[in-house]
Amino acid sequence: MGITSIIILAIVILLVFYLINIYNHLVRIKHSVSKAWSNIDVLLKQRHDEIPKLVETCRQYMKFEQETLEKVMLARGRVSSARQNLDVPGLSLAEGALRKGLGQLFALAEDYPDLKANENFQHLQGRISMLENTIADRREFYNESVNINNVGIEQFPDVIVARLFAFEERELLEFDGVEIADVNLSQLFNQ
């Protein structure tokens with residue numbers, strides 16, 4: 001075996017180890033995205049379980065607001081369906097509708113002093129608000145993981161390994177304009 005053969009063999013071995021390293025890096029990124037999604041999923045399930053309790057508490061006081069309560073429950077069902085189907089775009093739309101419905105529900109609750117004073121309502125409202133904040137934090141982590149994944153599978157030379165082993169681009173979890181829209185303060189104070 002000549003020196004040229006040894007050099008070629010060493011280069012091939014180094015290349016194989018380099019490709020293995022790229023593959024392992026892409027696997028870690030892929031699992032980071034899955035872990036981030038699981039964190040969101042747990043929170044969505046917890047909120048999913050709290051909403052019927054909130055609606056039932058409100059129903060006892062809000063006799064004439066059935067349409068709002070039904071919208072919240074319908075949006076809750078859509079969120080659950082999209083979550084179970086891992087439908088990120090569908091979840092984004094359903095989340096927007098749910099957030100809008102919950103916002104309307106909490107705004108309407110202002111017109112019912114007995115409801116606002118109800119300890120169960122206060123607890124559920126606080127719990128759902130806390131879950132909303134935590135979902136927002138976890139969504140940020142998920143989207144960062146997705147960005148790292150998507151950049152990783154497009155960079156050279158990682159793209160070669162990514163295509164060879166069918167690593168896929170993932171979608172960002174973005175909610176519609178409800179949560180990023182400017183608040184109309186005059187509308188809030190003229191109610």
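The values are calculated or read from the model by the stated rules, or taken from the named source; none is laboratory data. Only a predicted model underlies this, so the values are computations on that prediction, with no experimental measurement involved. So basically every Cβ, Gly included, is an ideal-geometry build from the backbone, and we count neighbours across all protein chains shown.
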Are there any pairs with C-beta distances below 9 angstrom linking a residue in the stretch 100-123 that is at negative phi and in a helix (DSSP H, G or I) to a residue that is small (G, A, S) and surrounded by 17 or more Cβ atoms within 10 Å (Cβ to Cβ), with the two at least 6 apart or on different chains, and if so which?
K100/A75; G101/A75; L102/A75; L115/A109; K116/A109; F121/A109
Would you pick out the residues in the stretch 136-159 that are surrounded by 15 or more Cβ atoms within 10 Å (Cβ to Cβ) and of a type in the set (D, E, K, R)?
R138, R139, D158
Is there a residue being touching a Lys or Arg at 6+ places or on another chain (Cβ under 9 Å) and more than 30 Å from R170 (Cα to Cα) anywhere in the stretch 80-100?
no
From the list N150, N143, pick out the single residue that is more than 15 Å from the chain's Cα centre (by Cα) and part of a helix (DSSP H, G or I).
N150
Pairs under 9 Å by beta carbon, first residue farther than 19 Å from L164 by Cα in the stretch 1-16, partner surrounded by 10 or more Cβ atoms within 10 Å (Cβ to Cβ), six or more apart or different chains?
M1/L9
Any chance the stretch 39-46 includes a residue that's in contact with a Phe, Trp or Tyr (Cβ under 9 Å, 6 or more places away or on another chain), not in a helix (DSSP H, G or I) and not small (G, A, S)?
no
Hey, among V79, V55, which residue is farther than 30 Å from H31 by Cα and either in a helix (DSSP H, G or I) or among the hydrophobic types (A, V, I, L, M, F, W, C) (or both)?
V55
Residue check: is L173 touching a Cys at 6+ places or on another chain (Cβ under 9 Å), of a type outside the set (V, I, T) and crowded, with 17+ Cβ neighbours inside 10 Å?
no
Within the stretch 79-89, is there a residue that is surrounded by fewer than 18 Cβ atoms within 10 Å (Cβ to Cβ) and charged (D, E, K, R)?
yes
What about A75, is it modelled with pLDDT of 90 or more, under 20 Å from S34 (Cβ atoms) and over 13 Å from the mean Cα position of the chain (by Cα)?
no
Does Y23 fit the bill of being among the aromatic types (F, W, Y), modelled with pLDDT of 95 or more and either surrounded by fewer than 17 Cβ atoms within 10 Å (Cβ to Cβ) or over 23 Å from N150 (Cα atoms) (or both)?
yes
